[in-house]
Amino acid sequence: EAGGVVLLKSYNDYYYGYKDEKGKSIRGYEELIAELVQKYPVDGQIVGEQEQKEFIKLYGGILKVRNILSSFDEFAGNGILTERDIQDYHSIYIDLYNEFLKAKKDSENVNDDIVFEMELIKQVEITIDYILELIRKYHESNLQDKEIVVSIGKAIDSSVELRNKKDLIEQFIASLNPTTNLDNDWQKFVSEKQQEELNRIIVEENLNQSETKEFVKNAFRDGYIPETGTAITKLLPPLNPFAPDNQYATKKQTVIEKLKFFFDRFFGITSSVNN
């Protein structure tokens, strides 16, 4: 009971290019990569909004074609770019995504002609397990192989999900010594940082401690921070919800944003909040 049928072209069509039904030339992966490397070397800078938009468009096209090519066995070993190159380009792409997203929030004059293929970026997302395996290799080198540390940084920068955990990972790496038990000490480190950062939010926003910890514990259990309902209101200090300066709504939104950032930072690397 398929709702539609999509016919893939051949591997060579996507890799080397082809002409569509109207005779228009569609560039293939090889040509797109050649332009990328020539115009935007990984060690260069993309200066100016127009150049940034051109890069976004080009790399988005590469992501789409690469996603299709990955379904062909012939593509194995023919990606042209090295794993580190891909991580570097991912990092540039994510930096621009965050930059344009911030500009759009801050200004009403940003054009809507930019399309980011963030879902395709997330399909090749670096996991925390992958990073921990690299840390394990670094530890096994007696903390001597600094090239692994460079690889860890580049891998994190190329990840949408891990970027807000980068300082945590770097602090843990800095704390390593020859006797470190990687698995146990990582969990202990994350748990302590989680407690420390939650307590900081509670103090900064004058929140109800027990209610906040219960709220966050339930959020980790359920997989999200609820923004509506009575649960969030129980955390807040006494405020008049009907005050003319809208102080209550502002406070509530500030707390939600801080807790969401906290949740995104620790969800997936720890299970809950300890009492």
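Over 10 Å intervals from 0, what percent of Cα-Cα pairs in region 151-231 sits in each interval?
It works out to 14, 36, 34, 15, 2, in whole percents.
Assuming 0.36 nm per residue, please report the length gained on full extension of the stretch residue 71 to residue 137 beyond their Cα-Cα distance.
Length gained between residue 71 and residue 137: 20.7 nm.
With a 10 Å cut-off between alpha carbons and a GNM built on the chain, which of 49, 205, 21 moves the most?
21
In the chain, if the dipole is taken from +1 on Lys/Arg beta carbons and -1 on Asp/Glu beta carbons about the Cα centre, which of 212, 70, 36 is farthest to the positive end?
Working it through, the farthest residue towards the positive pole turns out to be 212.
Leaving out ligands and nucleic acids, and using a 1.4 Å probe, what accessible area per residue does region 87-183 come to in Å²?
Result: 56 Å² per residue.
Just subtract the alpha-carbon distance of residue 257 and residue 120 from 0.36 nm times their residue separation and send over the number in nm, one decimal.
Difference between extended and current length: 46.7 nm.
Starting from the coordinates of the alpha-carbon atoms of region 1-89, obtain the Kirkwood hydrodynamic radius over all distinct pairs and give the value in Å to one decimal.
For region 1-89, the Kirkwood estimate is 14.5 Å.
Putting +1 on Lys and Arg Cβ atoms and -1 on Asp and Glu Cβ atoms, find which of 239, 164, 132 reaches farthest to the positive end of the dipole of the chain.
Value: 239.
Compute from the Cα atoms of region 5-148 the Rg and the Dmax, the latter being the longest Cα-Cα distance, and quote both in angstrom.
For region 5-148, the Cα radius of gyration and maximum Cα-Cα distance read 18.0, 61 Å.
Of the heavy-atom accessible surface of the chain (probe 1.4 angstrom), what whole percent is carbon and sulfur?
Roughly 49 percent of what the probe reaches on the chain is carbon or sulfur.
Rounding to the nearest 20 debye, state how big the charge dipole of region 118-243 is about its Cα centre with +1 on each Lys and Arg Cβ and -1 on each Asp and Glu Cβ.
Its charge dipole is roughly 100 debye.
Determine the shape class of region 81-234: with a ≥ b ≥ c the square roots of the Cα gyration tensor eigenvalues, call it rounded for a/c under 1.5, and otherwise prolate if a/b is greater than b/c, oblate otherwise.
Because a/c hits 1.5 or more and a/b fails to exceed b/c, region 81-234 counts as oblate.
Test of understanding: what is the full-extension gain from residue 24 to residue 50, defined as 0.36 nm times their sequence separation minus their Cα-Cα distance?
The span from residue 24 to residue 50 would gain 6.8 nm if fully extended.
Counting other Cβ atoms within 10 Å, which GluC sites (Glu not before Pro) in region 112-141 have at most 13 and lie in a DSSP loop?
In loop regions of region 112-141 (DSSP not H, G, I, E or B), the sparsely surrounded GluC sites (Glu not before Pro) are 125.
Can you send over the solvent-accessible area of residue 19, 1.4 Å probe, protein chains only, in Å² to the nearest 10?
So the heavy atoms of residue 19 present about 130 Å² to solvent.
With +1 on the Cβ of every Lys and Arg and -1 on the Cβ of every Asp and Glu, and nothing else charged, how large is the dipole of the chain about its Cα centre, in debye rounded to the nearest 20?
It works out to roughly 540 debye.
Taking a temperature of 4 °C and a viscosity of 1.567 mPa s, what whole-number D in µm²/s does Stokes-Einstein yield for the chain with Rh from Kirkwood over alpha carbon pairs?
Answer from the Stokes-Einstein relation: 58 µm²/s.
The values are calculated or read from the model by the stated rules, or taken from the named source; none is laboratory data. These numbers were taken from a predicted model, which means no experiment stands behind them. Quick reminder, even Gly has a Cβ in these numbers, built from the backbone with ideal geometry, and neighbours come from all protein chains shown. With ligands, DNA and RNA removed, areas are computed over all heavy atoms of the protein, side chains included. Shrake-Rupley method; radii C 1.70, N 1.55, O 1.52, S 1.80 Å.
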